[in-house]
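A quick write-up on the structure given underneath.
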Amino acid sequence: MIPADTDPYPIHEANEQELKEAISVRIRVFVDIQKFMLEEEIDEYDKAAMHLVVVDASQDNKVIGTLRVYESEGSLKIGRVVILPEHQGKGLGKKLMLSVEQHLAMSPKFGQYTHVKLGSQCDKR
């Protein structure tokens with residue numbers, strides 16, 4: 001793992017301001033570009049979820065990608081995985097998924113789970 005101070009695209013758990021930016025990234029990609037319904041994009045799981053963000057260190061740590069993880073029916077669910085279109089093709093989605101695996105293993109809240117599901121919104125179309 002690249003040290004955060006030299007990594008051009010660090011990943012970490014979102015703070016309150018970054019969560020707002022992450023929601024904006026999701027709306028831009030899932031609602032504006034992919035045409036999912038706004039009412040289905042923001043839901044009750046956002047409050048309980050752990051949100052990871054990818055930030056661009058060269059742009060004042062602007063949020064450029066995100067995902068969320070929450071408990072669902074005895075396992076964990078990873079969803080709302082997104083990277084802004086202008087940052088796609090850089091391996092950031094893969095990096096984000098590898099990072100969430102590390103975060104979950106170290107998390108006191110989520111570390112005990114042995115099953116993780118990857119969710120998608122394909123059933124919402």
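The values are calculated or read from the model by the stated rules, or taken from the named source; none is laboratory data. Being a predicted model, the structure only gives us computed values, none of them experimental. Cβ placement follows ideal geometry from the backbone for every residue including glycine, while neighbour counts extend to all protein chains displayed. Note: areas computed on protein heavy atoms with side chains; ligands, DNA, RNA excluded. Shrake-Rupley method; radii C 1.70, N 1.55, O 1.52, S 1.80 Å.
Return the subset of LYS47/LYS90; LYS35/LYS117; LYS47/LYS77; LYS20/LYS90; LYS90/LYS117; LYS47/LYS109 for which the Cα-Cα distance in this structure is over 22 Å, preserving the input order.
Violating the 22 Å limit, Cα to Cα: LYS47/LYS90; LYS35/LYS117; LYS20/LYS90; LYS90/LYS117.
At 1.4 Å probe size, put ILE42, ILE64 in order of accessible surface, largest to smallest.
Largest accessible area first, the list is ILE42, ILE64.
Can you show me the helix-derived [θ] at 222 nm for the chain, built from DSSP H runs with n ≥ 4 at -39,500 (n - 2.57) apiece and divided by the number of residues, rounded to the nearest 500.
-7500 deg cm²/dmol
What does the accessible area of LEU19 come to, in Å² to the nearest 10, when a probe of 1.4 Å is used?
60
Out of (1) 21, 20, 12; (2) 36, 17, 13; (3) 26, 19, 15, which label holds the value of semi-axes √(5λ) of the Cα gyration tensor in Å that was computed here?
Computed from these coordinates, semi-axes √(5λ) of the Cα gyration tensor in Å corresponds to label (1).
Measure off 7 Å from each Cα along the Cα-to-Cβ vector at MET97 and SER58, then give the distance between these two points in nanometres to one decimal.
Each label point is offset 7 Å from its Cα along the Cβ direction, giving 2.5 nm.
In what sequence, largest accessible area first, do MET106, MET50, MET37 appear using a 1.4 Å probe?
MET106, MET37, MET50
Work out, step by step, the length gained on full extension between MET37 and GLU16: first 0.36 nm times the residue separation, then minus their alpha carbon distance; give nm to one decimal.
5.2 nm
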